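What follows is a single structure, written as structure tokens, with notes after it.
No lab work stands behind these numbers, since they all come straight from the coordinates. Not measured: the values here are computed from a predicted model. For neighbour counting, all protein chains shown are included, and Cβ atoms are generated from backbone atoms with ideal geometry for every residue, glycine included.
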């Protein structure tokens, strides 16, 4: 059997439970045709670079699949009929990536600072001093005489 990575995008107005139910439905289709899903990752709701079928955001999910090509073709056919799925992409790979995908690693790295600690609402600004309370600055008077010279 061949190895595949499959990513699909679902509309933003469906719930996370509906996305998980769709993933379970895809697993059932693959299992019925002699395949299996080795890893499932839900990447969350992400903004799209451009509108896709009038949607600006979408739920993203990744499936690592070990299945014959007929099972993948049937899964893609079912996804094409589903109105909640905006786009999908299936790639054949030589081997599956171990551990988390790059998308989940990127999200975990963004949540942590250089020391490996989670960032709070305020983070250390390095050698910049704290500005403290600044009094309101008086406005500079406009020089209207220069504007009327032209």
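Once you have the Cα-Cα distance between residue 106 and residue 1, take 0.36 nm times their residue separation minus that, and quote the gain in nm to one decimal. Write down the numbers at each step before the final one.
Values: separation 105, 0.36 × 105 = 37.80 nm, distance 3.06 nm.
Result: 34.7 nm gained on full extension.
I need the calculated FRET efficiency for the pair residue 20 and residue 48, taking r as the beta carbon distance and R₀ as 22 Å, to the nearest 0.05.
Details: r = 21 Å, r/R0 = 0.95.
FRET efficiency, residue 20 to residue 48: 0.60.
With each label modelled as a point 7 angstrom along the Cα→C-beta vector, the residue 128-residue 56 pair spans 2.8 nm.
How do the peptides 4-17, 72-85 rank, highest first, by the average count of neighbouring beta carbon atoms within 10 Å per residue?
4-17, 72-85
Projecting label points 7 angstrom from Cα along Cα→Cβ for residue 76 and residue 94 puts them 2.2 nm apart. Taking label points 7 Å from Cα along the Cα-to-Cβ direction, residue 66 and residue 12 give a separation of 3.7 nm. Translational diffusion coefficient of the stretch 2-94 (Stokes-Einstein, Kirkwood radius from Cα pairs, 10 °C, 1.306 mPa s): 120 µm²/s.
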